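Asker: This is the structure, below, for whatever I ask next.
The values are calculated or read from the model by the stated rules, or taken from the named source; none is laboratory data. Computed from a predicted model, the values in this text were never measured in an experiment. All Cβ positions, glycine included, derive from the backbone under ideal geometry; neighbour counts span all protein chains shown.
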Amino acid sequence: MLSGKKILVGVTGSIAAYKSAYLVRELIKLGAEVKVVMTHSACDFISPLTLSTLSKNPVAIDFVKDEEKGIWENHVDLGLWADLFIIAPVSANSLSKLVSGNADNFLIATYLSAKCPVWIAPAMDLDMFKHFSTSDNLKTIAANGVSVIEPTSGELASGLEGKGRMEEPEVIAQLIHEFFMEDSVLKGKNVLITGGPTYEAIDPVRFIGNHSSGKTGILLADECAARGAKVTLVTGPTNFKVKDPNIEVIQIKAATEMMDVVEKIWSQMDIGIFSAAVADYRPKNQAEEKIKKSSDEMTIELVKNPDILLWAGNNKKNQYLVGFALETENETENGFKKLAKKNLDLLVLNSLKDKGAGFGGETNKVSFLSTDNKIKSFELKDKSHVAADIVDEIENNLIDNSTDKL
Ligand code: CTP
């Protein structure tokens, strides 16, 4: 995810400008904060209204924002605001201005003020792309540290076939994502994630379970893997699938199976994120055959399941451990007690009192409780953004405590 990252999208005059709408949408989906700067000729191809709506920010085009009030658009602020400036599409004309520093429009002036990494995605007709002026400009700009996303080959707006198509927005967004994930402290770390519900068998067809969908575990696994971690996800039954094929998924049903796996692998892990909704109790006896209905009442004797997180906390060495809690009363007080009792570094608290939070659903509202008695509360968010917040917090804590953890 790109939460917390500020991406400036520059759009110049090319038929490929329509693709910038998709790029902005992809970046927003990944959680980035996006602002757009356009040249005047880009506005002939795509409306600033489209891009301001998608980016949720006003679009910068002119040096003068409001002539009557004498308000200027500040290209220096905008250039310094960005963590990454991607100009997509960049036309042959704009490329030449970027190289020569011809700041006759707001976009180029912003580029000259930017201190962040700058990327360009050229789009032009094949002969323009092949022209020595273009190839010289591309060489010069790349030699000066600007990353060039090569255009692809295919049918061009002219009707000709060849190299000059702007790379697809999804690919560009993915490259930006990978760029930001590259220097994550999670890179190469072994991360254990527990997720999903557990099913505690009563007989071969019935079980005691809960409404956990397993989505949070899956999203956490994808988020950690995207930042370069080696992830093992031990999950109860879920319909969701991990995106990253490199995540090792170990499927279990009962809490005791999850316990067995965790006991075996915990010592090899650097980080544990225990998001599973483990059933606290299981039937004392499992019937071998399907139980037939007979008497009007039936009693199932239950025994306590092992507390897997508590075990991991008690057996923690130089590892970072995150637990979850779903509380219905005295949330923070109970949360801090759990943090201490289970020897956690971080507790993710969600309250059933909050509308849209907790099991099932697409959203969650969480607070982070840490060992220094601090509480960080977040608004209601899409679960993928919550997963990104959790992994951001782990990263930040690992950076702050780099001497005593891992
Ligand atoms: N957990 C676990 N094994 C269990 C129970 C819980 O690993 N047998 C983990 C969950 O994955 C979660 C955290 O512990 O990270 C939740 O702890 P807790 O709130 O103690 O679970 P509850 O069953 O809700 O406990 P209580 O009823 O005491 O509030």
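Asker: Considering region 20-34 alone, what residues qualify as being at pLDDT 95 or above and either buried (at least 24 other Cβ atoms within 10 Å of the Cβ) or of a type in the set (G, A, S) (or both)?
Answerer: S20, A21, L23, V24, L27, V34, listed by residue number.
Asker: Looking at region 326-345 only, could you name the residues that are buried (at least 20 other Cβ atoms within 10 Å of the Cβ) and among the aliphatic types (A, V, I, L, M)?
Answerer: L339, L344, listed by residue number.
Asker: Assigned by TED's automatic domain parsing to the domain that holds E393 and either within 18 Å of I390 (Cβ to Cβ) or within 9 Å of the ligand (Cβ to nearest atom) (or both), is that true of L310?
Answerer: For L310, the condition - assigned by TED's automatic domain parsing to the domain that holds E393 and either within 18 Å of I390 (Cβ to Cβ) or within 9 Å of the ligand (Cβ to nearest atom) (or both) - is met.
Asker: Quick one: would you say V262 is crowded, with 16+ Cβ neighbours inside 10 Å, free of Cβ contacts under 8 Å to residues at least 40 places away in the same chain and outside the structural domain of K29 (by TED's automatic domain parsing)?
Answerer: no
Asker: Might you let me know whether region 54-69 holds any residue that is farther than 24 Å from S133 by Cβ, in a helix (DSSP H, G or I) and in the same structural domain as S158 (by TED's automatic domain parsing)?
Answerer: yes
Asker: Just one of the numbered conditions (1) touching a residue at least 60 places away in the same chain (Cβ under 8 Å); (2) aliphatic (A, V, I, L, M); (3) surrounded by fewer than 21 Cβ atoms within 10 Å (Cβ to Cβ) is not true of M298; which one?
Answerer: Exception for M298: condition (1).
Asker: Can you name the number of the only condition in (1) under 17 Å from the mean Cα position of the chain (by Cα); (2) more than 21 Å from A387 (Cβ to Cβ) that R165 fails?
Answerer: The number of the failed condition is (1).
Asker: Does E379 fit the bill of being under 20 Å from the mean Cα position of the chain (by Cα), away from the ligand (no atom under 16 Å from the Cβ), assigned to a loop (DSSP other than H, G, I, E, B) and modelled with pLDDT of 90 or more?
Answerer: yes
A quick yes/no check of all residues on (1) buried (at least 23 other Cβ atoms within 10 Å of the Cβ); (2) hydrophobic (A, V, I, L, M, F, W, C); (3) touching a helix residue (DSSP H, G or I) at 6+ places or on another chain (Cβ under 9 Å); (4) not in a helix (DSSP H, G or I):
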residue	(1), (2), (3), (4)
I87	yes, yes, yes, yes
N102	no, no, yes, yes
L112	no, yes, yes, no
W119	no, yes, yes, yes
F129	no, yes, yes, no
D136	no, no, yes, no
K139	no, no, no, no
E167	no, no, yes, yes
V191	yes, yes, yes, yes
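Asker: From the set of residues in region 315-332 that are part of a loop (DSSP other than H, G, I, E, B) and within 16 Å of the ligand (Cβ to nearest atom), which is nearest to E223 (Cα to Cα)?
Answerer: Q319
Asker: What do you reckon, is A277 in contact with a Phe, Trp or Tyr (Cβ under 9 Å, 6 or more places away or on another chain) and within 16 Å of the ligand (Cβ to nearest atom)?
Answerer: Here the answer is yes, as A277 does meet what is asked.
Asker: Kindly indicate whether K253 is surrounded by 14 or more Cβ atoms within 10 Å (Cβ to Cβ), in contact (Cβ under 8 Å) with a residue 12 or more places away in the chain and closer than 18 Å to F207 by Cβ.
Answerer: yes
Asker: Moving on to the next point. Just checking, which of I208, I202, I193 is touching a Ser or Thr at 6+ places or on another chain (Cβ under 8 Å) and either hydrophobic (A, V, I, L, M, F, W, C) or closer than 18 Å to V386 by Cβ (or both)?
Answerer: I193
Asker: Then there is this: Out of everything in region 369-403 that is closer than 21 Å to N334 by Cβ and of a type in the set (D, E), what residue ends up being surrounded by the most Cβ atoms within 10 Å (Cβ to Cβ)?
Answerer: Out of the qualifying residues, it is E393.
Asker: Then there's this: Within region 327-348, is even one residue modelled with pLDDT under 95 and either of a type in the set (A, V, I, L, M) or not assigned by TED's automatic domain parsing to the domain that holds A254 (or both)?
Answerer: no
Asker: Right, something else. I need the full set of residues from region 144-165 which are among the polar types (S, T, N, Q) and surrounded by fewer than 15 Cβ atoms within 10 Å (Cβ to Cβ), in order please.
Answerer: N144, T152, S153, S158
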